Amino acid sequence: MRVFDVRQMRFGSFALATLTAICAVYLVLAGRAADAGILAVMVAGSLAFLLWQDRLPALFTLLFTAVAALNGAGYAFDLWQRPVWFDEVVHVLTPFVLVSAIAWLLIQRNEAKPAMNRATYFLKVGTLGLLIGFAWEGFEYLIGIIGSRADTASDLVMDTIGAVGAALFCLWAARHPRSDLG
């Protein structure tokens, strides 16, 4: 029994990618090229996820495009400072989705090998999320949008929470046949 409807998820993914692209165009027209560039990367990522339907279940594509659209709304409507929780939510969800996709691909690649110790799996996935967080914070520093040290520390904690959530999600997803996930 299929858990999710693939056609609906693909349509939703395409609609969300389109919304993100519209936000990017709006930012270009508003003279905010750097923000538009970040969204352009997210649109490209959304398209890559849409093209990788043979490697990743449609559920992962829907999640990625939803997070890209959430980031698009954040940039288009300047939501990073208000509401105060928005930045934290995005810092949980973005690594959650990226790490989930990477962890899923690794699980699928190692399908024939003996199961990894769960503690080792969580350590590896958590470290991956933290590395993605450090890379993003480094990027923010380079382009001059980094907040305070407290904000950076909070962002890294949220990134790690997202990675741990990704580990749990992938362990759940691995128990289902791929066809059930789209």
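Take segment 45-84 and flag every residue that is among the aromatic types (Phe, Trp, Tyr) and modelled with pLDDT of 90 or more.
If the condition is that a residue be among the aromatic types (Phe, Trp, Tyr) and modelled with pLDDT of 90 or more, then Phe64, Tyr75, Phe77 are the ones that fit.
For Val89, all conditions in the list (1) hydrophobic (A, V, I, L, M, F, W, C); (2) open to solvent by less than 40 Å² (accessible area, probe 1.4 Å); (3) closer than 30 Å to Ala33 by Cα hold save one; what is the number of the exception?
(2)
May I ask you to list the residues in segment 120-149 that are more than 17 Å from Val67 (Cβ to Cβ), open to solvent by 70 Å² or more (accessible area, probe 1.4 Å) and assigned to a helix (DSSP H, G or I)?
Matches in segment 120-149: Leu123, Lys124, Leu131, Phe134, Tyr141, Leu142, Ile143, Arg149.
Just wondering, is there one or more residues in segment 22-31 that are over 12 Å from the mean Cα position of the chain (by Cα), within 20 Å of Gly144 (Cα to Cα) and open to solvent by less than 40 Å² (accessible area, probe 1.4 Å)?
yes
With (1) open to solvent by 20 Å² or more (accessible area, probe 1.4 Å); (2) touching a Ser or Thr at 6+ places or on another chain (Cβ under 6 Å) as the list, and Phe49 as the residue in question, which single condition is left unmet?
(1)
Which condition from (1) open to solvent by 50 Å² or more (accessible area, probe 1.4 Å); (2) outside any helix (DSSP H, G or I) is the one that Pro83 breaks?
(1)
Quick one: is Ala167 out of contact with any Pro (no Cβ under 9 Å at 6 or more places or on another chain) and either open to solvent by 40 Å² or more (accessible area, probe 1.4 Å) or not in a helix (DSSP H, G or I) (or both)?
Against the criterion (out of contact with any Pro (no Cβ under 9 Å at 6 or more places or on another chain) and either open to solvent by 40 Å² or more (accessible area, probe 1.4 Å) or not in a helix (DSSP H, G or I) (or both)), Ala167 does not qualify.
Give just the number: which of (1) among the aromatic types (Phe, Trp, Tyr); (2) in contact (Cβ under 8 Å) with a residue 40 or more places away in the chain; (3) more than 19 Å from Phe139 (Cα to Cα); (4) open to solvent by 20 Å² or more (accessible area, probe 1.4 Å) does Trp104 not satisfy?
(4)
Cβ-Cβ distance below 7 Å, separation of 6 or more or different chains: which pairs start in segment 1-20 with a residue that is more than 15 Å from Leu56 (Cβ to Cβ) and end on one that is surrounded by fewer than 16 Cβ atoms within 10 Å (Cβ to Cβ) and modelled with pLDDT of 95 or more?
Listed pairs, sorted by first residue: none to list.
Kindly indicate whether any position in segment 98-108 is in contact with a Lys or Arg (Cβ under 8 Å, 6 or more places away or on another chain) and closer than 25 Å to Ala153 by Cα.
No - not one qualifying residue is present in segment 98-108.
The values are calculated or read from the model by the stated rules, or taken from the named source; none is laboratory data. Treat the numbers as computed from the prediction; the structure is a model and nothing was measured. Please note: Cβ atoms are built from the backbone with ideal geometry, for glycine as well, and neighbour counts cover all protein chains shown. The area values use the complete protein model at the heavy-atom level, side chains included, leaving out ligands, DNA and RNA. Shrake-Rupley method; radii C 1.70, N 1.55, O 1.52, S 1.80 Å.
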